[in-house]
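As structure tokens, the structure follows; a few thoughts come after it.
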Amino acid sequence: MKKLLLALLLCLSLSGYAAEKEYTYIFFYKTDDAEKKQMEKVFDSAVEQVKEKVKAKKVDIDDKSGKVLVEKYDLQKAPMPFVMVFAPNGAITGAFVAPLNSQELTQAFVSPTTEEILQPLQEGKFVFLMVQNSKTKKNQEALKGVNEFQADSKYRDATEIITLDPSNSQESELLEKIEVDPKTKEAVTVFFLPPGEMVGKFTGATSKVEIESTLQQALSEMNRARTE
């Protein structure tokens, strides 16, 4: 259930929290019952543990003051209580229903590049992560196909290109997840589709033809999965 809710939320526009300099934790509730009080206790405990990094809010979904948020995220249909975690750039990094434990909330922080990747994915865009630095070979060759793909009018407004230095120790967990060696000798390009699926990984040069082929194959597989 939690993964499903997060997947649905990843498709939403998050510009409303882009101006925040801290993470934002929001506790949504409908009734002041025992389940709400128990989950609120866990929420308060987690916030206390990371209070230097976060700004916390509580929203009664039936209160007029929370109407904008409730409508924006269609929370009338969500099971209550419900917690959302926003990164400083507005990307959602967590969405939780009961039962909740404080560890889930205190571990909802992600690396700066992960934040950069999540935001456009949550806006429904394609994302290319260019893993390269001054020491990697074929940097320009890796960019060639990606730039040609983005230049196509079909994809221009739906494509985001992000660069990651593989030697950046802050991004070691992300590199591990996408299975890229931080000591890679050649540039690596990782292709993501919304809401957050990695569909392609290219070492060295890229071509528009190869990228489009990867995209079509991924979309076909997604459509087939929906009909099964």
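Throughout, read-outs are computed from the coordinates displayed, never taken from laboratory work. Note that the structure is a prediction, hence the values are computed from the model and not measured. Ideal geometry is used to build each Cβ from the backbone, glycine not excepted, and the neighbour counts take in all protein chains shown.
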Note on segment 110-165: contact order normalised by length, alpha-carbon pairs under 8 Å, 6 or more apart, percent, works out to 48 percent
Partner aspartates and glutamates whose C-alpha sits under 16 Å from that of LYS125, ignoring same-chain residues fewer than 8 away, are GLU115, GLU116, ASP152, ASP157, GLU160, GLU197, GLU212
Measuring from its Cα centre, the chain shows a charge dipole (+1 at each Lys and Arg Cβ, -1 at each Asp and Glu Cβ) which, in debye to the nearest 20, is 100 debye
If amide H atoms are modeled at 1.01 Å from N in the peptide plane, then the residues at a separation of 5 or more from LEU164, or on another chain, having amide H under 5 Å from its own are MET130, VAL131, GLN132
Given a Förster distance of 25 Å, the FRET efficiency implied by the Cβ-Cβ spacing of LEU219 and GLU141, rounded to the nearest 0.05, works out to 0.45
Footprinting proxy, MET198, MET39, MET222: sorted fewest to most Cβ within 10 Å, the residues are MET222, MET198, MET39
In whole Hz, the Karplus estimates of ³J(HN,Hα) for segment 189-201 (6.51, -1.76, 1.60; θ = phi - 60°; x where Gly or Pro) are 10, 10, 10, 10, 10, x, x, x, 9, 7, 10, x, 9
Ordered by number, the trypsin sites (Lys or Arg not before Pro) in segment 119-221 that occupy a DSSP loop and have at most 14 other Cβ atoms within 10 Å are LYS135, LYS154, LYS183, LYS185
Of all lysine pairs in segment 19-68 that are eight or more residues apart or on different chains, those with Cα atoms under 18 Å apart total 19
Extension length gain for GLU186 and GLU48 (0.36 nm per residue less Cα distance), in nm, is 45.3 nm
Once the in-chain neighbours fewer than 8 apart are removed, the lysines whose Cα is under 17 Å from LYS135 read LYS183, LYS185
With the charge dipole of segment 115-227 built from beta-carbon charges (+1 for Lys and Arg, -1 for Asp and Glu) about the Cα centre, the Cα from ILE211, SER172, ILE117 projecting farthest to the positive end belongs to ILE211
Once phi for every residue in segment 108-119 is put through the Karplus expression 6.51 cos²θ - 1.76 cosθ + 1.60 (θ = phi - 60°), the whole-Hz ³J(HN,Hα) values, with Gly and Pro written as x, are 7, 7, 10, 6, x, 6, 4, 4, 4, 6, 5, 4
In whole Hz, the Karplus estimates of ³J(HN,Hα) for segment 171-179 (6.51, -1.76, 1.60; θ = phi - 60°; x where Gly or Pro) are 9, 4, 5, 5, 4, 5, 5, 8, 6
With a ≥ b ≥ c from the Cα gyration tensor eigenvalues, square-rooted, and the rule rounded for a/c under 1.5, otherwise prolate when a/b > b/c and oblate otherwise, the chain is prolate
Taking placed amide H atoms and a strict 5 Å upper bound, the residues 5 or more places from GLY200 or on another chain that come that close are PHE191
Heads up, segment 115-215 by the C-alpha gyration tensor (a ≥ b ≥ c square roots of eigenvalues; a/c under 1.5 rounded, else a/b over b/c prolate, else oblate) looks oblate
